[in-house]
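A single structure is presented below for examination.
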Amino acid sequence: MRTPNTNGDDSRLSFWLRVREFAVSPSMIETATARRRAGDWAGACAAAGFDVDIDMRALAGRHGREVAARVEDDLRRLAPDLLRWHLPRVAPDGLLRPGLTVALARYGPPDTGNSCRTAGSVSLVVRTAPAWADAGQRIGLTVWDRSCPSPHPHPRPNRRFRLDLHRHLWDVYRVDELRIRSGAEQFDAGHGIDAGLREMAPDGSAVDRWAAEAGILLRAEGRQAGALRVRFGARREVVVELSSGGDGLPALRIAEAYPHGAVSALPVLPDAATWALPDLELLRAGAITADRLHPLVAAVLAPDCPQPGVSRRAAETSRPHLVWCRGERHRIGLVDGVLTALDHDPAEIRREELLVALTGVPLPCLRAVDRAHRRPDCLDGVRERLAHGDTAGALAVVEGLLGPGAVLRDGPLRDALEAFARQRTTYGLFRAGLTGPGPIRARSGARREHRAHPRHATHR
């Protein structure tokens, strides 16, 4: 839930503040919420940018009606926009962690790996595309079993990034648990944690919750106590042991001389339990107000604050922009859905455009209009919205500036929109399994980037 780097808390807070601004748009939340409340879980998923690959009839035939009924019940409880809000992200852009399979729910006893048809091998999962195939941060929703073919590079649920033990991050009927599981509820912060472990824990970790969360993890594995791993990043981890303290409450200690060869087989504390909830950190630092949070999160963390009743997106207005032209302030604004110079009559504009065609120097007003079409001031915002999948928001910004009737001219703005369209094609081919393992250059580049910048990986 943090971006562990050398810049400390300020960098972490600014990172998550940027994520909260662009990653899940208010219009997505509103549309997905309306459809979910109407009982249309598939429509809610579509509104939240999910691609659903679940055939209930085939699922019942393969794993039985009971499993199919449980999956369908979980789908009706799913708030896909809330899940997108909480999925792990990576720095520096705050995009979803690529190439990941996250378990939302498991059905049956623990998976022993003996048979692909046992109930224990069935999980409701979401998947993010590898970085080279991503387009608009689409998320796949499907049911996984050991025999399911998939073009995804990591089709098996990740042991570290799992949400089946954190249903409050996606299940609308359990959102209230967020207050306790995030640490917002007051409790004895000093109890149950070894002093050496507390000193080792990095900034931004939820170390005060580790003992309780370790107990939840081990009970899911069929144990009451024992050893587990806590990972702080790509190359940092510690083996800890959960035991019963003298007062009967769980106590967490650093494991002494644990066999190195057995470490990889230990359960891993879920990443959602390792780091502090970024929304809580932002609220406590005064970096964000409750009305900027997801409504379900805000209702739990700040129940006394008024909830927003309308979209939080600032409306793009069509008020004129001012330009110095011929020693005067002239206005640039929309006329009939097209950006134009308001203080020059049509005949004068046509003459100036003809002069420009004959290599003349255009008026400052016309230069401002041309610059807005090719490289507008809002270009970074458009690119960021496209990267996070907020296509509607990006187009709204463009239309708010240039008008819905504008014809884009050659330049960075048009290049950004065309690149996004091409990447959507790549994503479609990836989902159809027509791209193979992916471009060699993209994959090798991703490995180099991962090795070169291990400290910039964001967890949760």
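The values are calculated or read from the model by the stated rules, or taken from the named source; none is laboratory data. Remember, predicted model here, so these are calculated numbers, not experimental data. Glycine also receives a Cβ, built like all others from the backbone with ideal geometry; neighbour counts cover every protein chain displayed.
So that you can scan it fast, the table gives a plain yes or no per residue for (1) under 28 Å from A298 (Cα atoms); (2) crowded, with 16+ Cβ neighbours inside 10 Å:
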position	(1), (2)
W41	yes, yes
D53	no, no
R57	no, no
R70	no, yes
P88	yes, yes
P92	yes, no
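Now for a different question. Given (1) modelled with pLDDT under 95; (2) not assigned by TED's automatic domain parsing to the domain that holds L95, identify the lone condition not met by R156.
(2)
Which residues, taken from the stretch 353-378, are part of a helix (DSSP H, G or I) and under 14 Å from C325 (Cα atoms)?
Of everything in the stretch 353-378, those that are part of a helix (DSSP H, G or I) and under 14 Å from C325 (Cα atoms) turn out to be P364, C365, L366, R367, A368, V369.
If you check R37 against the conditions, is it outside the structural domain of D271 (by TED's automatic domain parsing) and surrounded by 16 or more Cβ atoms within 10 Å (Cβ to Cβ)?
no
Looking at the stretch 110-131, which of its residues are crowded, with 20+ Cβ neighbours inside 10 Å, of a type in the set (A, V, I, L, M, F, W, C) and either modelled with pLDDT of 95 or more or closer than 30 Å to G94 by Cβ (or both)?
Answer for the stretch 110-131, where residues must be crowded, with 20+ Cβ neighbours inside 10 Å, of a type in the set (A, V, I, L, M, F, W, C) and either modelled with pLDDT of 95 or more or closer than 30 Å to G94 by Cβ (or both): L124, V125, V126, A129.
This table checks each residue for (1) polar (S, T, N, Q); (2) at pLDDT 80 or above; (3) crowded, with 18+ Cβ neighbours inside 10 Å.
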position: A372; (1), (2), (3): no, yes, yes
position: D377; (1), (2), (3): no, no, no
position: G405; (1), (2), (3): no, no, no
position: D410; (1), (2), (3): no, yes, no
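How many of the residues in the stretch 136-151 are out of contact with any Leu (no Cβ under 9 Å at 6 or more places or on another chain) and not acidic (D, E)?
Of the residues in that region, 7 qualify.
Could you say whether any residue in the stretch 80-93 is of a type in the set (K, R) and in a strand (DSSP E or B)?
Yes, the stretch 80-93 contains a residue that is of a type in the set (K, R) and in a strand (DSSP E or B).
Right, another one. Could you check, for the stretch 163-170, whether at least one of its residues is surrounded by fewer than 21 Cβ atoms within 10 Å (Cβ to Cβ) and either modelled with pLDDT under 95 or touching an Asp or Glu at 6+ places or on another chain (Cβ under 7 Å) (or both)?
No, the conditions are met nowhere in the stretch 163-170.
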